[in-house]
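The values are calculated or read from the model by the stated rules, or taken from the named source; none is laboratory data. Keep in mind that this is a model prediction, so the values were computed, not measured. Cβ placement follows ideal geometry from the backbone for every residue including glycine, while neighbour counts extend to all protein chains displayed.
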Amino acid sequence: MKPPYEIEDMSQIYSPGLVIFRDLLVHNLHEMIRIAGGPDRLCPHCKTHKTREITKMQIELGIKSHKCATIAEAEMLCDVGVEDVFIAYQLVGPNVRRLIQLMDKFPQMKFATIVDNPDALEALSAAVNAGGHELDVLLDLDTGMGRTGIQIGPDAIELYEMTLSLPGIRPGGLHWYDGHNRQADYDDRKHAVDECWFRFTGFRDQVLLNGLPVPRVVTAGTGSFPILADKGEPNVQLSPGTTTLYDAQMAELFPEMDFKPALGILTRVISNNREGQLTLDVGHKSCAADPPAGKRLWFPDLPDAVELQQTEEHIVVQSELASSYQLGDCLIAIPTHACPTSAVHQFAHVVSAGRVVDRWQIASRDRMLTV
Ligand SMILES: Cc1ncc(COP(=O)(O)O)c(C=O)c1O
């Protein structure tokens, strides 16, 4: 089934222009809550959309906890009045000071962050305490992803113990992001997620046996989200991000999930001199360039499109349908990777029932808002 990417009047949209299909987004938000089993079981990552408007929609649906990676994202979340901001990124250097400035600016807000290193925790404690604040700190564990996180073991317990004694710091729980569990085969993925979770629960039990509190566990990306949601464990919050706007990569990897790509780029034919080919104005300055060349976009109306070359402001595609397009004609391109795509646009046109109804700023694409 072709998802509803029609737009009645495209003349209002400069290209390349980011478009959010609001009806699909609303569907995705409800689907997230359905899978999680309630809004309080979610701590969605805002990295995919970075907008105040989508955060407000999530708040209206009852989602109180929100995850982010940057101080700018955290400030955006504070601006719209979420209850609980979780910065899932170890803060070092001047970002520690920026967190304190944010805590000064939003004294009512409940903040939490992660650590995987004693030096980082000590520096955080010194700054938070000097600022007269208190901060929940979750222990970031390496799930096997090999990006951040301390290995499960005695050192991890020792590091978490420090959160009990250091001034300004409270033990906030455990962070278990298994973003590498994206196997396309559902059984393989479930097996990997379950194996990972088994290791995690063994460690969590050890932490509890050591008399340390685990008030909260934050876990899951899109791939593991439904599997970990099914476990129905108490005090566990699920933190998918891509599920809000979804993208072509996730749709291909996880056909069993009912999320719909809700983010597109409106692009126009800017040259069509070669038979069977179209040159469009969606270069790699307007879509994520982390997928390999040739795999960055999906065109719902050109299902056979082959990406021949992409430069900063151009893409050349080959398609049997090329001759049916004239210069200036529009196409919707769905990015393979939504999160870095929204980051390269100032704002998104919002489409509902085929009409442009609003324009949302991609507020935290900027690295700094006020702090
Ligand atoms: C720490 C963390 N949590 C949650 C997410 C969301 O994961 P996904 O994009 O698979 O939904 C990410 C994504 O990069 C992440 O880095």
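Restricting attention to helices (runs of 4 or more DSSP H) lying wholly within the stretch 154-256, give those where 1 or more residues are touching a strand residue (DSSP E or B) at 6+ places or on another chain (Cβ under 7 Å) and either within 16 Å of the ligand (Cβ to nearest atom) or more than 29 Å from residue 111 (Cβ to Cβ) (or both).
Hits in the stretch 154-256: 186-209, 225-229, 248-253.
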(request) Mind listing just one residue for me: the one in the stretch 76-108 that is among the acidic types (Asp, Glu) and in contact with a Lys or Arg (Cβ under 8 Å, 6 or more places away or on another chain) and, of those, nearest to residue 177 (Cα to Cα)? (result) 84
(request) Confirm whether residue 31 is in contact (Cβ under 8 Å) with a residue 40 or more places away in the chain, surrounded by fewer than 23 Cβ atoms within 10 Å (Cβ to Cβ), within 16 Å of the ligand (Cβ to nearest atom) and in the same structural domain as residue 216 (by TED's automatic domain parsing). (result) yes
(message) Which residue is nearest to residue 46 (Cα to Cα), if the candidates are limited to the stretch 340-363 and must be within 16 Å of the ligand (Cβ to nearest atom) and buried (at least 20 other Cβ atoms within 10 Å of the Cβ)?
(response) 342
(request) Those residues that are among the basic types (Lys, Arg) and farther than 16 Å from residue 16 by Cβ, I need them from the stretch 282-327; list them, please. (result) 295
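Within the stretch 66-75, identify whether any single residue is within 14 Å of the ligand (Cβ to nearest atom) and among the aliphatic types (A, V, I, L, M), and answer yes or no.
yes
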(message) I'd like the full set of residues that are of a type in the set (S, T, N, Q) and over 27 Å from the mean Cα position of the chain (by Cα), limited to the stretch 302-339.
(response) 309, 318, 319, 323, 324, 326
(message) Which of the numbered conditions does residue 4 fail, given that it passes all the others? Conditions: (1) within 16 Å of the ligand (Cβ to nearest atom); (2) over 20 Å from residue 287 (Cβ atoms).
(response) (1)
(request) Look at the stretch 95-137 and say how many of its residues are touching a residue at least 60 places away in the same chain (Cβ under 8 Å), under 15 Å from residue 82 (Cα atoms) and not in a helix (DSSP H, G or I). (result) 1
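Within the stretch 89-101, does at least one residue satisfy the condition of being within 15 Å of the chain's Cα centre (by Cα) and under 29 Å from residue 149 (Cα atoms)?
Quick first cut of the stretch 89-101, residues within 15 Å of the chain's Cα centre (by Cα) only: 89.
Filter once more, so that each one left must be under 29 Å from residue 149 (Cα atoms): 89.
Looking through the stretch 89-101, at least one residue is within 15 Å of the chain's Cα centre (by Cα) and under 29 Å from residue 149 (Cα atoms).
Any chance the stretch 324-332 includes a residue that's more than 23 Å from residue 48 (Cβ to Cβ) and touching a Leu at 6+ places or on another chain (Cβ under 7 Å)?
Yes: one or more hits.
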(request) May I ask you to verify whether residue 296 is closer than 30 Å to residue 53 by Cα, buried (at least 16 other Cβ atoms within 10 Å of the Cβ) and in contact (Cβ under 8 Å) with a residue 60 or more places away in the chain? (result) no
